[in-house]
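Below is one structure, written out as structure tokens; comments come after it.
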Amino acid sequence: MKARKTYAIVGCGSRSEMFYGALARDFKETSELKALCDINYSRMALANRYLQVKYGHASVSAYGADAFDQMIEEQRPDTVIVTTIDRLHHHYIIRALEAGCDVITEKPMTVDDEKCWAILEAVERTGRSLRVTFNYRYASYHSRIRELIMQGTIGDVHSVHFEWLLNTQHGADYFRRWHRDKRNSGGLLVHKSTHHFDLVNFWLGTYPETVFAFGDLRFYGRENAEMRGEKHFYQRAFGSEAAKDDPFALHLDQNENLKAMYLDAEHEDGYQRDQSVFGDGISIEDTMGVTVRYENKAILTYSLNAYMPWEGFNVAFNGSRGRIELKVVEQSYVNGGGDKALEGAAEGASILVFPMFGTPYAADIELAEGGHGGGDPVMLNDLFGDPEPDPLKRVASHRDGAMSIMTGIAANQSIRTGLPVRVRDLLRR
Ligand SMILES: NC(=O)c1ccc[n+]([C@@H]2O[C@H](COP(=O)([O-])OP(=O)(O)OC[C@H]3O[C@@H](n4cnc5c(N)ncnc54)[C@H](O)[C@@H]3O)[C@@H](O)[C@H]2O)c1
């Protein structure tokens with residue numbers, strides 16, 4: 001039986017509910033939630049209300065962001081869970097490690113190489129543990145691919161062709177929120193692709209060596225809309241006449257959770273969750289292509305487009321003894337706009353194996369319920385429950401967190417300079 005552990009959560013927006021809900025209800029035998037911390041007291045009050053009404057848990061102490069150290073001192077949590085905006089992950093990870101806590105952080109571990117380096121240095125200096133929550137590793141079809149590759153089904157994997165499609169609902173959502181400012185999220189090649197680049201590292205058991213990328217804003221943003229002949233612009237959907245006819249507008253006042261979490265909380269920090277995807281000030285790309293050479297000489301060709309008619313991905317693995325093709329269609333969603341268990345849930349998945357000389361066949365996969373291809377509940381059990389030893393080694397360390405973002409960080413540098421980037425040069429200190 002796992003020893004009972006205590007937790008505090010910093011960053012109490014949409015994603016934090018998965019963690020506090022699990023601690024409060026499903027893992028209450030092994031876990032105790034002690035406190036919340038956020039810059040926004042209204043969002044913490046909402047989390048405390050949800051703790052009581054949805055999860056049958058008492059409310060917990062709420063600390064402002066400037067009282068983070070005080071929270072650690074008073075509550076002495078064993079582990080701090082970091083679910084703030086990406087730009088601030090490093091800040092809370094390092095402070096928690098220095099205060100003697102272990103840390104579980106949401107992806108991406110951070111957004112640039114300086115911050116990544118500071119985190120790695122803090123882990124080494126403090127000797128504490130840092131885990132990154134790569135829930136996609138735990139989706140049944142991703143685990144199955146890892147198993148097939150580990151079993152040598154197609155021999156050595158020499159190349160991977162991976163395209164991820166974000167659609168006009170979920171994909172558009174990154175252009176309405178804090179993510180649209182590259183300083184906050186590192187752009188989609190860090191914020192979103194950290195999942196995909198981590199999967200490639202995990203599947204192939206290797207790390208990236210050299211990265212080359214192109215990326216542009218071709219669809220969202222005011223200039224692109226103007227070029228397509230759009231004449232009616234607005235800054236944010238709430239209270240806007242023009243937004244009423246925009247299929248890309250998000251109406252916060254029409255969704256109970258989004259209203260309570262963002263609209264009713266914005267008087268505190270001014271954060272607008274419903275900005276126009278065709279507004280000014282978007283500094284992230286929506287159209288990206290990346291080539292990666294790995295330490296084991298495998299090659300990845302990768303693309304990410306954020307305005308597609310469907311949501312999901314295709315991956316093909318070419319090996320010395322055959323080829324595997326994985327196709328998954330995901331349920332589309334708006335973050336925090338509905339049932340959490342359906343966020344990124346799989347609608348359909350297939351794995352086809354093509355032996356070099358044999359008959360092609362479909363590999364069996366069990367589609368599991370739950371967010372992110374059924375990965376969320378399995379990962380939560382791995383974090384807070386009493387899991388069996390895992391032959392697939394899905395637990396992601398700080399090193400895995402670093403090597404997944406380094407592909408995107410190197411890709412960002414390549415986009416800026418037009419040159420290939422060696423990951424080792426970025427991490428050299
Ligand atoms: N693994 C996944 O599949 C997955 C899914 C969604 C989100 N996420 C990650 O979860 C994190 C949170 O995303 P979200 O969708 O909940 O965003 P969100 O905007 O709903 O929540 C972010 C929270 O951070 C808080 N915050 C802002 N500045 C702060 C500060 N200085 N100190 C403390 N808190 C501060 C905000 O007030 C807000 O409550 C992100 O890192 C995101 O990448 C991961």
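The values are calculated or read from the model by the stated rules, or taken from the named source; none is laboratory data. This is a predicted model, so every value here is computed, not measured. All Cβ positions, even for glycine, are placed from backbone atoms using ideal geometry, and neighbour counts span all protein chains on display. For accessibility, only protein heavy atoms count, side chains too; no ligands or nucleic acids. Shrake-Rupley method; radii C 1.70, N 1.55, O 1.52, S 1.80 Å.
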In nm, to one decimal, how far is the Gln169 label point from the Arg49 one, both placed 7 Å along Cα→Cβ? 2.5 nm
Which of the lysines could be linked to Lys28 by a straight reach, that is with a Cα gap under 27 Å, when you skip same-chain ones fewer than 8 residues away? Lys2, Lys5, Lys54, Lys107, Lys340, Lys393
Using just the Cα positions, wrap the stretch 222-269 in a convex hull and report its mean projected area in square nanometres, one decimal place. 4.1 nm²
Asp69 and Asp264 label points (each 7 Å along its Cα→Cβ direction) are spaced in nm at 3.4 nm
Under 22 Å from Lys327, Cα to Cα: lysines that are on another chain or at least 8 residues apart: Lys192
Counting alpha carbon pairs within less than 8 Å and at least 6 residues apart, what relative contact order, in whole percent, applies to the stretch 5-133? 24 percent
Give, in nm to one decimal, the length gained when the segment between Tyr41 and Asp245 is fully stretched (0.36 nm per residue of separation minus the Cα-Cα distance). 70.1 nm
Starting from the Kirkwood radius over alpha-carbon pairs of the stretch 5-133, derive D by Stokes-Einstein at 4 °C in a medium of 1.567 mPa s and give it in µm² s⁻¹. 90 µm²/s
Restricting to DSSP H runs of at least four residues, report the calculated mean residue ellipticity at 222 nm for the chain, -39500 (n - 2.57) per run over all residues, nearest 500 deg cm²/dmol. -9000 deg cm²/dmol
What nm distance separates the two modelled labels at Arg218 and Ser61, each placed 7 Å from Cα along Cα→Cβ? 5.3 nm
For Lys115, counting only aspartates and glutamates whose alpha-carbon sits under 19 Å away and dropping same-chain residues fewer than eight positions off, the answer is Asp86, Glu98, Asp102, Glu106, Glu124, Asp181, Asp198, Asp400, Asp425
Within the chain: Cβ-based charge dipole about Cα centre, in debye rounded to nearest 20 (Lys, Arg +1; Asp, Glu -1): 860 debye
How big is the dipole moment of the stretch 181-252 about its Cα centre under a simple scheme where the beta carbon of each Lys and Arg is +1, that of each Asp and Glu is -1, and everything else is neutral? Debye, nearest 20, please. 100 debye
Expressed to one decimal in nm², the mean projection of the alpha carbon convex hull of the stretch 328-429 is 11.4 nm²
Once the mean of 1/r over all distinct C-alpha pairs in the stretch 149-228 is inverted, the Kirkwood radius in Å reads 15.3 Å
On the formula 1/(1 + (r/R0)^6), with r taken between the Cβ atoms of Gln254 and Met227 and R0 of 35 Å, the FRET efficiency rounded to 0.05 is 0.70
If the convex hull is drawn through the Cα atoms of the chain, its volume per residue in Å³: 141 Å³
Of Arg222, Arg25, Arg321, ordered by accessible area with the largest first and a 1.4 Å probe, the sequence is Arg321, Arg25, Arg222
Suppose the chain between Ala3 and Asp425 were pulled fully straight at 0.36 nm per residue; how much longer would it get relative to their current alpha carbon spacing? 147.8 nm
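Would you mind classifying the stretch 197-344 by shape? Square roots of the alpha carbon gyration tensor eigenvalues, ordered a ≥ b ≥ c; an a/c under 1.5 is rounded, otherwise it is prolate if a/b is larger than b/c and oblate if not. Don't skip to the answer; put the middle values down first.
Numbers: a/c = 2.48, a/b = 1.86, b/c = 1.33.
In terms of gyration-tensor shape, prolate.
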Is there a quick way to get the dipole size of the stretch 222-269? I mean about its Cα centre, with the Cβ of Lys and Arg at +1 and of Asp and Glu at -1; what is the value in debye to the nearest 20? 240 debye
